[in-house]
Structures are given as C-alpha cells and as structure tokens.
Amino acid sequence: RDRIPNQTGPDLEEILQQDEFHFADYLCKLIAEKGMKNSEAYSAANISKQAFSQIKYSKNPPLRSTVAAFAVALHLSEAEAERLFESAGYSLSKTQKYDRAVRYFLRNHKYNVVENNIVLDNFGLPQLGSNR
C-alpha cells in the first residue's frame, strides 16, 4: 500500500484559501518603496495614465511587455523583476530573447524605456510597454 509522506507545510486547502497577491498590489508597493509617485512610474514606463488606471483597478494581469516596462522604469534588480513577473502570472525566462534583453537592461542599469525600445526594435524584438 502506498504511504503518503509526512507534510511539513500547509495543506492544499490552506494554500488555496490564502489571499492572492495581485500584480497591481505588488506594483504599487514597489512604486512606494522606490520613493516614486504613480505618475512618475507610469511616465517612466511609457504607459498612459488611462492604461495605468486600468492596471491598478483591474484584477486581470497586464501584458508581459507592460510588466517588463515597469521592471525597467522602476530600476528593479533581476530578483525584484522576477517577482514582479510572477505577480502577473509570468516568469522572466533565461531562454527567450526578449526576456534576456530585459535582464540585460536591468543588469546594466539601462533604465530608459524609450532608448531600450530603439534597441529592441533594432533586434526585431517587441517593445517595452503597451496600452495595458
């Protein structure tokens, strides 16, 4: 007969009942931690005020390109960026060209979204930012 190993953590029911940590909550926390105003953050990310408002009040995840734009605009470390991607239901891959470019920008302190978009365009990669 198969035996179930002893559990050392919470059971599945407890895990599923925990409050979800949504992207918008984590993004606003990071903006505050970085000492920025919301308007400074979305402007630096090249995101419109309307799109930011939609992100902030929606429980739907934003596009990957929007997450990447905020990671760069907020001058996040790679670890912080990975957590931001996770909060939106994504991962920051080490194998995808676009994600490697985002990691490059973060590692090399290249935090200007517009300049980075020119570089991405030169390599035929999608732009940082979006309408949502």
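The values are calculated or read from the model by the stated rules, or taken from the named source; none is laboratory data. Predicted model only: the values in this text are computed from it and were never measured. Counting neighbours? That spans all protein chains shown, and the Cβs are built from the backbone with ideal geometry, glycine included. Accessible surface areas use protein heavy atoms only, side chains included; no ligands, DNA or RNA. Shrake-Rupley method; radii C 1.70, N 1.55, O 1.52, S 1.80 Å.
Observations on the structure shown:
- Counting only residues that are touching a helix residue (DSSP H, G or I) at 6+ places or on another chain (Cβ under 8 Å), open to solvent by less than 60 Å² (accessible area, probe 1.4 Å) and without any contact (Cβ under 8 Å) to a residue 24 or more places away in the chain, the stretch 47-73 holds 1 of them.
- Residue list for the stretch 114-132, restricted to those being within 20 Å of Phe52 (Cβ to Cβ), open to solvent by less than 70 Å² (accessible area, probe 1.4 Å) and more than 14 Å from the chain's Cα centre (by Cα): Asn116, Asn117
- Residue within the stretch 92-99 that is closer than 16 Å to Ala41 by Cβ and hydrophobic (A, V, I, L, M, F, W, C) present: no
- Pick from the stretch 1-24, criterion under 15 Å from the mean Cα position of the chain (by Cα) and open to solvent by less than 70 Å² (accessible area, probe 1.4 Å), ranking: modelled with the lowest pLDDT: His22
- Restricted to the stretch 83-132, and to residues there that are assigned to a loop (DSSP other than H, G, I, E, B) and among the aromatic types (Phe, Trp, Tyr), the residue that is farthest from Phe23 (Cα to Cα) is Phe123.
- Qualifying residue in the stretch 85-107 (condition: open to solvent by less than 100 Å² (accessible area, probe 1.4 Å), among the hydrophobic types (A, V, I, L, M, F, W, C), closer than 20 Å to Ala24 by Cα and touching a residue at least 60 places away in the same chain (Cβ under 8 Å)): yes
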